[in-house]
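Everything below concerns the one structure shown next.
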Amino acid sequence: MNKKLFKTASLIGGGFVIGAVLVLFVFSSLGTNLLADGPNIGANKPPVVVSETVKALNDAYVNVSNAVIPTVVTVSVVVENKDAGKMNEQFKDFFKFFGHPFGDEDSPELRKSEGSGSGVIISEDGYIVTNNHVVENATEITVTTNDKKEHKAKLIGRDPLTDLAVIKIEGSGFPVAHFGDIDNVKIGEMVIAVGNPLGLNSTVTSGIVSAIGRGGLALGNDQSGYSVENFIQTDAAINPGNSGGGLYNLEGSLIGINSAIATRTGTYIGYGFAIPIDLVKAVIMDLIDDGKINRGYIGVRIKTVDEVEAKSSGLDKVEGAMVHEVMKGQAAEKAGIEIGDIILEINGKPVTSSNELQSQIVLHRAGDIVNLTIWRDGKKINKSVKLLARDEDKDKEETVAGEEPKKEEGTNKPISFDKLGFSIAPLTSDVKKNNDVSKGVLVTKVDRYSKAAERGLAPNGVIVKADRKDVSTPEQLKKIIDSKKPGDAILLQLKYPDASRIVALEIPD
């Protein structure tokens, strides 16, 4: 019986083996044809052979991204909404009848909102730099590091003027950003921006340094209009949530803190701006050491020199920052700096714009001495200025009464300068009082689209000097202008009720 079963099993097993062999044979012989009948998906090889140079550049982006991502964190904040109660009051009767759509109208949650930004770790023990506007008015701050861990953070200090702030989390051994050298940053240099735009953590975008020393964005102006701006401009995509993130070069060095985007939509449209690392270092050291800023101030209002101003001042080339106003009792006045001076250098470094000079000044603390090279009356002079602390709440200084100007020979009637496009008249007692002057001539009219209007001349200002010479009557100013030939320039110093101003006009044909 066992032998029969064995033989039967052997026959069945042998049949399976033979069948399997036949199946494999058939499929092996037909397999090529079967595959040939299906779609041919994908090319056999890449269409482009990448050069070693391109591979090296690609590797550089990969390496720097992987190296710096751990130094960038997400900063989440809870902000109390002070207007929530006003909204509830407006709809009080409606909510009373129908009920509040979000529950109890007195609930604290209704008075709170959430936001987020980015930050960069600057010390192994948890100090982080971010933007002031990210943490301003925050009641709670939470930091999420790249390893997905959440940390409660405390505010160390804020500086609204530069839009910087320092926060701290507890712990040790955090990855730290390496600070670059702003003097080595070049236009056209390749950079990456790292942050958390639109809630997308650890986002890396790339671009170049589009410009250096950008100003005039009015991002951090205080109530007096004072601001410190000297941004790095980049075309690396920066969106909401990138604020406080890092701008890095291909060595992985931090060269700026992302702060703003140039847009009317609230999202990226081509350019972003980062606070340069030298200014970042100066501010964060003050905040960490003292919890507040101890920057020095020179006490002037300045403007970048343009071609007409350079010509009217006798400069061979367009350079420097012109002093438009000297604040009483401040460092500049004590050092003998005058309205109309052109600051060419600070501590031996050329000044190419007003915001560059301002950003150099704020790198110093109150009590520091800076050396200025100034252009005045056709020659260079040197001034040492001991910087003072700025008192934003300083009382308005008393007006110093002056003597009535002596009558000049000639007429003292209104005069119009038609080619330049403005008119002047003698001063009245009210104008003298309102503009805090004792002599000069009043600008009564500025023609729209005129040369004077283009250069920034506005009505109701008092011209007190022309080419650094005192002006007391309309006729006196007319003589100075008439002495010019077409193509020459004249420098006018004006006093308005709220500020001083300098306007340079080129004499038309």
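The values are calculated or read from the model by the stated rules, or taken from the named source; none is laboratory data. Model, not experiment: these values are computed from the prediction. Here the Cβ positions follow ideal geometry from the backbone for every residue, glycine too, while neighbour counts run over all protein chains shown.
So Ala335 ticks every box in (1) in contact (Cβ under 8 Å) with a residue 40 or more places away in the chain; (2) touching a helix residue (DSSP H, G or I) at 6+ places or on another chain (Cβ under 9 Å); (3) more than 16 Å from Leu279 (Cα to Cα) but one. Which box is left unticked?
(2)
Specify the residue that is nearest to Arg301 (Cα to Cα); the eligible residues are those in segment 338-390 that are among the basic types (Lys, Arg) and touching a residue at least 24 places away in the same chain (Cβ under 8 Å).
Arg390
Tell me, which strands (runs of 3 or more DSSP E) wholly within segment 391-503 include 1 or more residues that are closer than 30 Å to Gly299 by Cα and modelled with pLDDT of 85 or more?
Strands (runs of 3 or more DSSP E) meeting the threshold: 441-446, 462-466, 489-495.
Based on what the data block shows, is Tyr496 in contact (Cβ under 8 Å) with a residue 60 or more places away in the chain and either more than 24 Å from Leu315 (Cβ to Cβ) or in contact with a Phe, Trp or Tyr (Cβ under 8 Å, 6 or more places away or on another chain) (or both)?
Against the criterion (in contact (Cβ under 8 Å) with a residue 60 or more places away in the chain and either more than 24 Å from Leu315 (Cβ to Cβ) or in contact with a Phe, Trp or Tyr (Cβ under 8 Å, 6 or more places away or on another chain) (or both)), Tyr496 qualifies.
Which one of these does Gln493 not meet: (1) more than 35 Å from the chain's Cα centre (by Cα); (2) of a type in the set (S, T, N, Q); (3) under 16 Å from Ala310 (Cα atoms)?
Gln493 satisfies every listed condition except (1).
In this structure, does Thr373 turn out to be within 30 Å of Gly180 (Cβ to Cβ), more than 26 Å from the chain's Cα centre (by Cα), surrounded by fewer than 22 Cβ atoms within 10 Å (Cβ to Cβ) and modelled with pLDDT of 90 or more?
Yes, satisfied.
Report whether or not Val204 is hydrophobic (A, V, I, L, M, F, W, C), under 19 Å from the mean Cα position of the chain (by Cα) and not in a loop (DSSP other than H, G, I, E, B).
Considered against the rule, which asks whether it is hydrophobic (A, V, I, L, M, F, W, C), under 19 Å from the mean Cα position of the chain (by Cα) and not in a loop (DSSP other than H, G, I, E, B), Val204 comes out as no.
For segment 291-348: of the residues being in a strand (DSSP E or B) and among the charged types (D, E, K, R), which is surrounded by the fewest Cβ atoms within 10 Å (Cβ to Cβ)?
This residue is Lys303.
Taking the conditions exactly as written (within 17 Å of Val280 (Cβ to Cβ) and part of a strand (DSSP E or B)), does Gly115 satisfy them or not?
When the stated conditions are applied, Gly115 does not pass them.
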